[in-house]
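Asks: The structure is given below, and queries will be raised subsequently.
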Amino acid sequence: MAKQHDLAAALAGQYLSRRGFLSSAYTGLTAVGLTGLLARDLFGGAASAGMVPNIVPHHQPKARRVLQIFCPGAASHMDLWEHKPELERLDGQPLPGEENMMSFQGKNGPLMRSPWPFAPAGESGKMISTLLPNMARHVDDIAFVHSMTSKTNTHGPGCVFMNTGHSTEGFPSAGAWISYALGSENDNLPAYVCMPDVRGEPPNGKANWSNGFLPAQHQAIVMSAQQPVRNLETPEGVDADEDAATRAFIQHMNQAHAEAHPGSSELHARIAAYELAARMQLSAPEVSSLESEPEHIHQLYGTGDPNTLKASYARNCLFARRLLERGVRCVNLYCASRASGVDGLLNWDAHKTLKSDYERHCPVFDQPTAALLTDLKQRGMLEDTLVLWTTEFGRMPTRQEGTTGRDHNPDGFTCWMMGAGVRGTSFGATDPFGRRAEIDPVTVWDFYATVLHLLGFDHTRLTYYYNGLDRRLTDVHGNLIRAVLA
C-alpha cells in the first residue's frame, strides 16, 4: 500500500508541476480538437454549428434529410390521387346516409364525380388523375397513404396540425424537430429552410415552421427563388481585414453577453443567426445561383415557362434540390398560399369552381414537382432523402350546394412519401365515395412517427422537456405505418 501511495503521489506531482501541466494541456487540447473533428461524423454536422442533437439516433437511419412539399387549401384526394368509381356511377345522387349533411360552409348537394378521368400509370397500374401526367411517371416509387385523418376542418389550424402535430400555435414544426435532432451538415447553411410560394404564406403563416418551445435556432430560415438573400455584399470602403476584425469584436461581445444570460435561447439564436448570416455571405450566392444549372435542367423543371406561377414554383423546386444536396436537413416547399376572396384562386380550396381551379393549379404543380423527383433520383439523392407530400385535409365527395366545388373534409384524405426507406405502395383507403377513412385510418401522429423512424429515431424517445412535460412531435400518440417501409 505504501508503494502504491508513493507512486500516486509521484504521478500527482508530475501532473501538478509546470512541465506536467503544459504537457497535459497539450494532449488535452489535441483531444478536444479531435472531438470537434469527429463531431460532424457523430452528430451530422450539428456540433460545429452549435446544435448538438438532444440524443443520438436510436437505430440506423434510412434518411439523412427531408423534403416536405405542402399544398395548402386542402387538395382533393378523389380528384388527384384516389380513384373512386362509385362517384362516377352515382354522380348526381345523394350521398347514402347523409342526404342532408351540413359541412364547413353549409349544406351539401349530391355526389359529384371528378371532372377528369383517371388512368393507370406505371408498372403497378396505379390509377391517378390525368391532370397529373408528369407525376404519373413516379407512382411506382410512391407510398400513398389514402386514409389520413385530421382533427380540424379549418385551414389555419389544419395546416398547423399537419405541420406540428397540434392544432394550436406554439408547438415546434416537424422541420424544427428534425433540426433539433440532426443539425446541419453544412455550417454555412441553415439546417431548416422554408420556401413559401410566390403567392404568399400559407394559412397561419410562420406558425407552420416555428420552433415553438424548442431553442429558437431551430425555427426555419425563409428563403426562396423570389426572395433572394439581402445584404450579401460587403459595403464599399470596408476592406477584408476591417470586416474580419469587426466580426471578431462583435463575436467577443456577443459571447460575453450570452454568458451573462445563459437561459435565453432567443439571444443565443440571434447570435447564431448573425454568425450564420456572415457565413452565408459566401455560401448563399453560390447556392441560389440557379443560372449555373445547365439548360436541360431548366427545361426539365420548367423555370422559363410562360406561366409565371409555374416558372416561380419551378425555380423554388430547383432551389430546394440545391439546398438539399449542400447539407440542409429539411426543406418545406409550398405550392400555393393562403385562402383568398375568390375561392381557389391562391390555393387548393376549391369551394365553388373545382374544375377551373384545379386546371389552374395542377399545371403549376405537376411538371416542376415531377422534375424535382426525377432530378433527386438521377443524382442518387433519393437513397437518403425522404420526400413527403402533404395537405391539411381532404374534400367532400359531394358538390357544395349551389356550386360546382367541394367543401372541407377532415375525415379522409391522401398524403404520400417517397425515397429513403419507403417502398411504392397504396396503404389504407377511404370508403367507396371518399367520405371517410375506412381501411387502416392514419393520423398525423402516425405519419410523423414513421418519418422519425426513417430518420433513425423512436418517436416516443425524441423529446424535449418543457413546462413540466417531456414533449414530442407525436404528442402522446403515434404508430408506425409499417406497410410503407421498404
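Every residue, every condition in (1) within 24 Å of residue 217 (Cβ to Cβ); (2) at pLDDT 95 or above; (3) part of a loop (DSSP other than H, G, I, E, B); (4) in contact with a Leu (Cβ under 6 Å, 6 or more places away or on another chain), yes or no:
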| position | (1), (2), (3), (4) |
| --- | --- |
| 314 | no, yes, no, no |
| 317 | no, yes, no, yes |
| 322 | yes, yes, no, no |
| 333 | yes, yes, no, no |
| 343 | no, no, yes, no |
| 348 | no, yes, yes, no |
| 356 | no, yes, no, no |
| 359 | no, yes, no, no |
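Asks: Also, I was wondering about something else. Checking residue 480 against (1) in a loop (DSSP other than H, G, I, E, B); (2) crowded, with 23+ Cβ neighbours inside 10 Å; (3) of a type in the set (A, V, I, L, M): exactly one of these is not met. Which one?
Replies: It fails just one condition, (2).
Asks: While we're looking at this one, here's another question. Which residue pairs have Cβ atoms under 8 Å apart, sit 6 or more places apart or on different chains, and have a first residue in the stretch 55-77 that is under 22 Å from residue 454 (Cβ atoms) and a second that is among the hydrophobic types (A, V, I, L, M, F, W, C) and surrounded by fewer than 18 Cβ atoms within 10 Å (Cβ to Cβ)?
Replies: Close Cβ pairs (under 8 Å, with a partner that is among the hydrophobic types (A, V, I, L, M, F, W, C) and surrounded by fewer than 18 Cβ atoms within 10 Å (Cβ to Cβ)) amount to 56/42; 62/486.
Asks: Right, residue 89: assigned by TED's automatic domain parsing to the domain that holds residue 439, within 17 Å of residue 396 (Cα to Cα) and crowded, with 19+ Cβ neighbours inside 10 Å or not? It would help to see each step written out before you state the result.
Replies: Working: assigned by TED's automatic domain parsing to the domain that holds residue 439: yes; within 17 Å of residue 396 (Cα to Cα): yes; crowded, with 19+ Cβ neighbours inside 10 Å: no.
Criteria not met by residue 89.
Asks: Same structure again: Please state which one of 144, 118 is closer than 18 Å to residue 75 by Cβ, free of Cβ contacts under 8 Å to residues at least 40 places away in the same chain and not acidic (Asp, Glu). Reasoning before the result, please.
Replies: Numbers: 144 fails: free of Cβ contacts under 8 Å to residues at least 40 places away in the same chain.
Of the residues listed, the single one that is closer than 18 Å to residue 75 by Cβ, free of Cβ contacts under 8 Å to residues at least 40 places away in the same chain and not acidic (Asp, Glu) is 118.
Asks: Which numbered condition trips up residue 375, out of (1) over 23 Å from residue 136 (Cα atoms); (2) in a helix (DSSP H, G or I); (3) not hydrophobic (A, V, I, L, M, F, W, C)?
Replies: Evaluating residue 375 over (1) over 23 Å from residue 136 (Cα atoms); (2) in a helix (DSSP H, G or I); (3) not hydrophobic (A, V, I, L, M, F, W, C) leaves (1) as the failure.
Asks: Counting just the residues of the stretch 458-471 that are in contact (Cβ under 8 Å) with a residue 40 or more places away in the chain and either hydrophobic (A, V, I, L, M, F, W, C) or closer than 18 Å to residue 169 by Cα (or both), which one comes out surrounded by the fewest Cβ atoms within 10 Å (Cβ to Cβ)?
Replies: 467
Asks: Test residue 150 against the criterion of being crowded, with 24+ Cβ neighbours inside 10 Å, in the same structural domain as residue 351 (by TED's automatic domain parsing), modelled with pLDDT of 95 or more and in contact with a Pro (Cβ under 6 Å, 6 or more places away or on another chain), and give yes or no. If you could, list the steps in order and put the result at the bottom.
Replies: Details: crowded, with 24+ Cβ neighbours inside 10 Å: yes; in the same structural domain as residue 351 (by TED's automatic domain parsing): yes; modelled with pLDDT of 95 or more: yes; in contact with a Pro (Cβ under 6 Å, 6 or more places away or on another chain): yes.
Spelling it out, residue 150 is indeed crowded, with 24+ Cβ neighbours inside 10 Å, in the same structural domain as residue 351 (by TED's automatic domain parsing), modelled with pLDDT of 95 or more and in contact with a Pro (Cβ under 6 Å, 6 or more places away or on another chain).
Asks: Can you tell me which residue within the stretch 385-406, out of those that are among the charged types (D, E, K, R) and buried (at least 24 other Cβ atoms within 10 Å of the Cβ), is farthest from residue 109 (Cα to Cα)?
Replies: Residues of the stretch 385-406 among the charged types (D, E, K, R): 392, 395, 399, 401, 406.
Narrowing the set further to residues that are buried (at least 24 other Cβ atoms within 10 Å of the Cβ) leaves 392, 395, 406.
On the way: 392: 23, 395: 13, 406: 10 Å.
Across the stretch 385-406, the extreme among qualifying residues is 392.
Asks: Has the stretch 408-420 got at least one residue that is more than 23 Å from residue 386 (Cα to Cα), in the same structural domain as residue 126 (by TED's automatic domain parsing), over 20 Å from the mean Cα position of the chain (by Cα) and surrounded by fewer than 20 Cβ atoms within 10 Å (Cβ to Cβ)?
Replies: no
Asks: Can I ask one more? Please determine whether any residue of the stretch 440-453 is surrounded by fewer than 16 Cβ atoms within 10 Å (Cβ to Cβ) and either under 30 Å from residue 114 (Cα atoms) or touching a His at 6+ places or on another chain (Cβ under 9 Å) (or both).
Replies: Going through the stretch 440-453, the residues surrounded by fewer than 16 Cβ atoms within 10 Å (Cβ to Cβ) turn out to be 440.
Narrowing the set further to residues that are either under 30 Å from residue 114 (Cα atoms) or touching a His at 6+ places or on another chain (Cβ under 9 Å) (or both) leaves 440.
Yes: one or more hits.
Asks: So which residues in the stretch 414-449 are outside any loop (DSSP other than H, G, I, E, B) and free of Cβ contacts under 8 Å to residues at least 40 places away in the same chain? Don't jump to the end; show me each part of the working.
Replies: From the stretch 414-449, those outside any loop (DSSP other than H, G, I, E, B) are 414-419, 422, 425-427, 429-430, 437-439, 442, 444-449; that's our starting set.
Within the stretch 414-449, 446, 449 meet the criteria.
Asks: Looking only at the stretch 294-312, count how many residues are in a loop (DSSP other than H, G, I, E, B) and either surrounded by fewer than 17 Cβ atoms within 10 Å (Cβ to Cβ) or outside the structural domain of residue 383 (by TED's automatic domain parsing) (or both). Steps first, please.
Replies: Let us first name the residues in the stretch 294-312 that are in a loop (DSSP other than H, G, I, E, B), namely 294, 302-307.
From what's left, either surrounded by fewer than 17 Cβ atoms within 10 Å (Cβ to Cβ) or outside the structural domain of residue 383 (by TED's automatic domain parsing) (or both): 294, 304, 306-307.
So the answer is 4.
Asks: Hey, does the stretch 115-127 have a residue that's in contact with a helix residue (DSSP H, G or I) (Cβ under 7 Å, 6 or more places away or on another chain) and among the polar types (S, T, N, Q)?
Replies: Taking every residue of the stretch 115-127 in turn, at least one turns out to be in contact with a helix residue (DSSP H, G or I) (Cβ under 7 Å, 6 or more places away or on another chain) and among the polar types (S, T, N, Q).
Asks: Oh, and also: Does residue 382 satisfy the condition of being crowded, with 24+ Cβ neighbours inside 10 Å, not in a loop (DSSP other than H, G, I, E, B) and not polar (S, T, N, Q)?
Replies: Working: crowded, with 24+ Cβ neighbours inside 10 Å: no; not in a loop (DSSP other than H, G, I, E, B): yes; not polar (S, T, N, Q): yes.
Criteria not met by residue 382.
Asks: Within the group 448, 464, which residue is aromatic (Phe, Trp, Tyr), in contact with a strand residue (DSSP E or B) (Cβ under 6 Å, 6 or more places away or on another chain) and farther than 30 Å from residue 101 by Cα?
Replies: One residue alone meets the criteria, 464.
Asks: Let me ask something else about it. Taking residue 452, is it outside any helix (DSSP H, G or I) and not acidic (Asp, Glu)? Let's see the steps before the verdict.
Replies: Working: outside any helix (DSSP H, G or I): no; not acidic (Asp, Glu): yes.
For residue 452, the condition - outside any helix (DSSP H, G or I) and not acidic (Asp, Glu) - is not met.
Asks: Still on this structure, please answer the following. Kindly list the number of the only condition in (1) over 21 Å from the mean Cα position of the chain (by Cα); (2) surrounded by fewer than 23 Cβ atoms within 10 Å (Cβ to Cβ) that fails for residue 57.
Replies: Going through (1) over 21 Å from the mean Cα position of the chain (by Cα); (2) surrounded by fewer than 23 Cβ atoms within 10 Å (Cβ to Cβ) one by one, residue 57 breaks only (1).
The values are calculated or read from the model by the stated rules, or taken from the named source; none is laboratory data. Computed from a predicted structure; not experimentally measured. When we count neighbours, we look across all protein chains shown, and the Cβ atoms used for this are built from the backbone with ideal geometry, even at glycine.
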